Amino acid sequence: MLTVLAVATVANATFDISVPATLDPAGPAGAISLSATGEEATIPGMIVTEGDVAVDASGATIIANWGISDDPFIVDVSADPDALLFAQAFGLDPVSILYFEIINVAVPPGNIPDGEIIGGISISALADHGVAKVSLLHAGTEMIAGDAEIQLVPEPMTIALLGLGGLFLRRRK
């Protein structure tokens, strides 16, 4: 499985959002992860999906093995009208919106360390064709920090059956 990375710089930090390049509705779910490099003490943001995909953050993990006093969290705010308006202000047409907030309050104050900060969010295709999009919004600076597209493709057997059906119809004429 190929991975698409979207990279963007916000303030003194760079965020990478990693998603699968393709998803098959009959295949296993893909994974979304978020990494950061640079200086950033607080990361509030939203992972917004568009297209025929389903997102599950129940198995999500926030890598927080550095002085963090407030619990980091990921919340599905897809039904929140304010979150919907916030995403639409960026021209997005969200299917799901996951809000997360990570605050590093180490003593002495420090930056969030380089590397993966969120992992384990699964994404599944609901259709066998089309394109889905995953965007990362940095809520602190109110800008898109990165986005990536996912191609939705049917399993090979579906394509083979469609091809055979086409041949059969052509033969009947």
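The values are calculated or read from the model by the stated rules, or taken from the named source; none is laboratory data. Treat the numbers as computed from the prediction; the structure is a model and nothing was measured. Using ideal geometry, Cβ is built from the backbone for each residue, glycine included, and neighbour counts are taken over all protein chains shown.
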Q) Which of (1) within 11 Å of the chain's Cα centre (by Cα); (2) at pLDDT 75 or above is the odd one out, the single condition Leu23 does not satisfy? A) (1)
Q: Determine which member of the set Asp147, Asp128 is outside any strand (DSSP E or B) and either at pLDDT 70 or above or under 16 Å from Ile32 (Cβ atoms) (or both).
A: Asp128
Q) Quick check: is even one residue across segment 71-88 modelled with pLDDT under 75, closer than 13 Å to Met46 by Cα and under 18 Å from the mean Cα position of the chain (by Cα)? A) yes
(Q) Please go through segment 26-38 and give me each residue that is modelled with pLDDT under 80 and either of a type in the set (Val, Ile, Thr) or outside any strand (DSSP E or B) (or both), ordered by number. (A) Thr37
Q: Just one of (1) within 19 Å of Ile144 (Cα to Cα); (2) modelled with pLDDT of 85 or more; (3) not aromatic (Phe, Trp, Tyr) trips up Ala54, so point out which.
A: (1)
